[in-house]
Amino acid sequence: MKIVIIDCDVGVDDALALILAFHSSALEVKAVTGVNGNVPLDRVFENIQKVLSLLQPTNKPIIARGASSPLKGKAIHAHSVHGRTGLGEAKIELKDGEEWWTLSGGPAWELITSIAHQHPQQVTLIAVGPLTNLALGIQKDLDGMKHLKEIVIMGGAVRTRGNVTPHAEFNIYSDPVAAKMVFESGIPMTLVPLDVTHRVFLTPSLMEERVKPIGNTFSKFLMEATGYDTKARRFRNRETVFLHDPLAVGVVIDPTLVKNETLCLTVETDEGEHWGKLIEGKEGSQINVSLGVDAERFLELFVSRLR
Ligand code: RIB
Ligand code: CA
């Protein structure tokens with residue numbers, strides 16, 4: 001059993017990553033922390049609570065709010081992908097008094113470092129949003145962050161095109177100064193970039209043949225959150241839905257799903273065309289990067305955990 005913390009900006013694929021994590025007996029999700037990203041922080045935090053109320057975990061995680069804006073630059077969002085609420089077209093009502101979480105007294109970075117102090121070298125931090133909370137932890141309690149066993153990050157575009165600009169991926173582009181601090185921290189980390197997450201995606205035929213027949217709360221949530229129209233056999237506003245964040249969780253559940261290489265990477269933090277670009281070269285930090293993925297075996301794992 002691996003002890004994990006998930007730092008996220010709940011959007012649709014973050015929500016799917018939480019479902020995969022909480023439905024995997026190999027993981028004990030001790031905490032879920034929110035950061036500004038796909039939608040503003042308040043909405044992220046409300047979405048964390050909504051997904052937990054869907055999951056109704058036996059062991060309630062501790063939840064904490066994190067940064068509402070990046071260390072440098074303005075807060076950006078991705079409503080066009082995740083919808084106004086951040087959960088696509090899924091509607092989840094929070095019931096008064098029903099709390100499937102324990103509320104932390106402090107900010108996200110403090111919850112992360114305190115759990116790392118309590119369980120030295122045993123906690124894996126899965127970061128699937130911008131890295132602002134991690135950078136704040138490094139600034140305020142580097143010793144605590146260094147007690148983390150590993151950080152697994154969904155982010156970056158290494159040898160492929162970005163998804164915000166041609167050079168940069170959303171999580172890194174949202175706060176490249178934070179990403180640079182995390183990369184340079186020396187904490188053991190694995191980067192799960194678009195190079196592999198663009199190879200794991202939902203298609204209409206997968207929805208019809210493998211998701212819809214499950215017919216439970218989670219398959220229904222997945223169809224609504226992704227805006228899947230079963231009559232038209234298509235997703236409302238796109239051809240496919242990438243499983244970026246679920247793959248980062250998948251890598252922690254089963255590291256054999258990916259093939260990693262150690263690359264020397266730095267982050268472009270100068271304003272301009274290359275803002276948030278990951279640069280491979282002699283400068284920079286040694287980062288373990290997933291460049292190959294067994295996409296079919298991951299999709300099998302993901303769909304199986306909807307049950
Ligand atoms: O680029 C994909 C990443 O940006 C995912 O984490 C998605 O949720 C968005 O945060
Ligand atoms: Ca995310």
Which numbered condition ASP270 misses (of (1) crowded, with 16+ Cβ neighbours inside 10 Å; (2) away from ligand 1 (no atom under 16 Å from the Cβ)): (1)
Which pairs turn up if I take residues in the stretch 208-228 that are under 16 Å from GLN56 (Cβ atoms) and look for partners that are part of a loop (DSSP other than H, G, I, E, B) and at pLDDT 95 or above with beta carbon separation below 7 Å, at least 6 apart in sequence or on another chain? PHE218/LEU306; PHE221/ALA90
Keeping to the stretch 138-164, report how many residues are closer than 30 Å to LYS74 by Cβ and touching a strand residue (DSSP E or B) at 6+ places or on another chain (Cβ under 9 Å). 13
Residues that are in a loop (DSSP other than H, G, I, E, B) and at pLDDT below 95: does the stretch 299-307 have at least one? yes
Inspect the stretch 33-56 for any residue being in contact with a strand residue (DSSP E or B) (Cβ under 7 Å, 6 or more places away or on another chain) and of a type in the set (D, E, K, R) and give the result as yes or no. no
Before we move on, is GLY281 over 21 Å from PHE22 (Cβ atoms), more than 21 Å from the chain's Cα centre (by Cα) and either at pLDDT below 95 or loosely packed, with under 14 Cβ neighbours inside 10 Å (or both)? yes
Output for the stretch 148-175, where each listed residue is more than 16 Å from ligand 2 (Cβ to nearest atom) and either of a type in the set (A, V, I, L, M) or surrounded by 20 or more Cβ atoms within 10 Å (Cβ to Cβ) (or both): LEU148, VAL158
Residues in the stretch 238-260 that are of a type in the set (S, T, N, Q) and either touching a residue at least 60 places away in the same chain (Cβ under 8 Å) or within 13 Å of ligand 2 (Cβ to nearest atom) (or both) total 1
I need a count of the residues in the stretch 1-58 that are polar (S, T, N, Q), buried (at least 24 other Cβ atoms within 10 Å of the Cβ), in a loop (DSSP other than H, G, I, E, B) and in contact with a Phe, Trp or Tyr (Cβ under 9 Å, 6 or more places away or on another chain). 1
Looking only at the stretch 59-91, count how many residues are more than 13 Å from ligand 1 (Cβ to nearest atom), hydrophobic (A, V, I, L, M, F, W, C) and outside any loop (DSSP other than H, G, I, E, B). 3
Those residues of the stretch 266-289 which are in contact with a strand residue (DSSP E or B) (Cβ under 7 Å, 6 or more places away or on another chain) and more than 17 Å from PHE170 (Cβ to Cβ), in sequence order: THR266, ILE279, GLU280, GLY281, LYS282, GLU283, GLY284, SER285, GLN286, ILE287, ASN288, VAL289
How do the pairs read when you match residues in the stretch 4-26 that are farther than 21 Å from SER304 by Cα with residues anywhere that are within 8 Å of ligand 1 (Cβ to nearest atom) and assigned to a helix (DSSP H, G or I), using Cβ under 6 Å and keeping only pairs 6 or more apart or on different chains? CYS8/ASP14; GLY11/HIS82
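The values are calculated or read from the model by the stated rules, or taken from the named source; none is laboratory data. A quick note: this is a predicted structure, and the numbers were derived from the prediction, not measured. Every residue, glycine as well, gets a Cβ built from its backbone with ideal geometry; the counts of neighbours run over all protein chains shown.
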